[in-house]
1. With the requirement that a residue be under 24 Å from THR225 (Cα atoms), open to solvent by 60 Å² or more (accessible area, probe 1.4 Å) and in a strand (DSSP E or B), what does segment 40-72 give you?
2. If I filter segment 178-201 down to residues being in a strand (DSSP E or B) and touching a Pro at 6+ places or on another chain (Cβ under 9 Å), which single residue comes out as surrounded by the fewest Cβ atoms within 10 Å (Cβ to Cβ)?
3. Suppose we filter segment 218-257 for residues that are touching a Pro at 6+ places or on another chain (Cβ under 8 Å), buried (at least 21 other Cβ atoms within 10 Å of the Cβ) and not aliphatic (A, V, I, L, M); how many remain?
4. Go through segment 106-121 residue by residue and tally those that are in a strand (DSSP E or B) and open to solvent by 40 Å² or more (accessible area, probe 1.4 Å).
5. So which pairs qualify, if the first residue must be in segment 196-212 and at pLDDT below 95, the second must be open to solvent by 20 Å² or more (accessible area, probe 1.4 Å) and in a strand (DSSP E or B), the Cβ gap must be under 7 Å, and the two must be at least 6 apart or on different chains?
6. For the subset of segment 127-158 comprising residues that are closer than 19 Å to LEU186 by Cα and polar (S, T, N, Q), which member is surrounded by the fewest Cβ atoms within 10 Å (Cβ to Cβ)?
7. When the residues of segment 159-177 are filtered to those that are modelled with pLDDT of 95 or more and open to solvent by less than 40 Å² (accessible area, probe 1.4 Å), which remaining residue is nearest to GLY143 (Cα to Cα)?
Amino acid sequence: MKQVLLGVLASAWFISPVGAVDHNNVDANRPLDFDDAETIAYREKSFEFGGAIVKPKGGKSGLEGEAEFLYGFKKNWHLNAGFDPKFVDDGTRRRRGDIGDFSLGVQHNFNREIGNTPAFGVRADAFLPTGRGSRGVDFRLRGIASKSFRQYARLHLNLDLQVDNSPAAGDRKTQPGIIVGYSQPLGYPTRFDRTLLAQVGYRANSLKGQSGITRIGVGLRQQVTPQSVFDVGLISEVSGGAGREAFKLVAGYSTAF
């Protein structure tokens with residue numbers, strides 16, 4: 001009887017609208033690269049932050065941070081604003097601090113998943129040149145589809161187009177990419193507070209003449225309170241040309257208010 005009751009409660013949680021601070025509703029960088037098609041709830045506010053140890057191939061390990069504020073300003077829409085400070089190898093095997101670029105974005109969910117129809121969404125971000133050496137305003141457009149399978153597991157397809165409006169000599173102006181993400185609640189139906197994540201992705205190299213980069217990752221999101229989630233993940237760029245990361249170890253925290 002207890003397991004039946006837990007199953008009913010967890011099922012209700014699955015089919016109810018969810019906000020960003022839910023272990024089973026995934027946001028980019030918390031802890032992997034892909035987005036869920038769902039937006040946060042109307043009038044919900046969320047603050048998400050984290051840090052990472054980054055080891056570039058052939059370079060010194062460094063630190064990266066990220067903080068982002070999200071606000072559900074309209075039903076099925078949210079705004080996001082963030083920045084990404086760094087203390088990393090500058091390409092000369094020396095570490096340098098960098099305030100990072102300030103970003104502004106918006107995400108829209110066209111529909112929730114119904115039957116065989118996936119949930120679809122779109123996200124657009126602008127990156128202002130506040131970081132060291134940044135020039136011009138860059139943009140990224142992301143199309144998102146999320147679909148359940150095997151009852152509670154979900155697949156997430158993200159299609160990206162990154163546009164660098166002021167590329168340096170030898171850099172590409174446009175960089176397409178694709179990510180396939182996977183999410184699976186662990187312990188259901190006896191518990192519903194933890195989700196396993198995995199991804200594989202491919203993106204064009206930012207440097208002309210260099211092969212594209214294949215990026216894989218695995219992560220975990222753990223519900224800490226009804227309004228907060230802890231996340232941890234490991235990402236590696238396993239193939240591609242110059243400029244790729246050997247590994248990136250990520251940890252972060254999200255809270256709603």
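1. Going through segment 40-72, the residues under 24 Å from THR225 (Cα atoms) turn out to be 40-52, 65-72.
Of the ones still in play, those that are also open to solvent by 60 Å² or more (accessible area, probe 1.4 Å) are 42-43, 45, 47, 49, 69, 71.
Of everything in segment 40-72, those that are under 24 Å from THR225 (Cα atoms), open to solvent by 60 Å² or more (accessible area, probe 1.4 Å) and in a strand (DSSP E or B) turn out to be LYS45, PHE47, PHE49, PHE69, TYR71.
2. Let us first name the residues in segment 178-201 that are in a strand (DSSP E or B), namely 178-185, 194-201.
Cutting the leftovers down to touching a Pro at 6+ places or on another chain (Cβ under 9 Å) gives us 194-197.
Values: ARG194: 17, THR195: 26, LEU196: 14, LEU197: 24.
Ranking the candidates gives LEU196 first.
3. Residues meeting the conditions: 5.
4. Step one: of segment 106-121, the residues in a strand (DSSP E or B) are 106-111, 114, 117, 119-121.
Subset that is open to solvent by 40 Å² or more (accessible area, probe 1.4 Å): 106, 110-111, 114, 117, 120.
Count: 6.
5. SER206/ASP171; SER206/GLN175; LEU207/ASP171; LYS208/ASP171
6. Residues of segment 127-158 that are closer than 19 Å to LEU186 by Cα, as a first pass: 146-156.
Checking which are polar (S, T, N, Q) leaves us with 146, 148, 151.
Details: SER146: 25, SER148: 15, GLN151: 8.
This residue is GLN151.
7. Filtering segment 159-177 for residues that are modelled with pLDDT of 95 or more and open to solvent by less than 40 Å² (accessible area, probe 1.4 Å), the one nearest to GLY143 (Cα to Cα) comes out as ASP160.
The values are calculated or read from the model by the stated rules, or taken from the named source; none is laboratory data. Just so we're clear, the structure is a prediction, and the values are computed from it rather than from any experiment. We place every Cβ from the backbone using ideal geometry, glycine too, and count neighbours over all the protein chains shown. Only protein heavy atoms, including side chains, enter the accessible area calculation; ligands, DNA and RNA are left aside. Shrake-Rupley method; radii C 1.70, N 1.55, O 1.52, S 1.80 Å.
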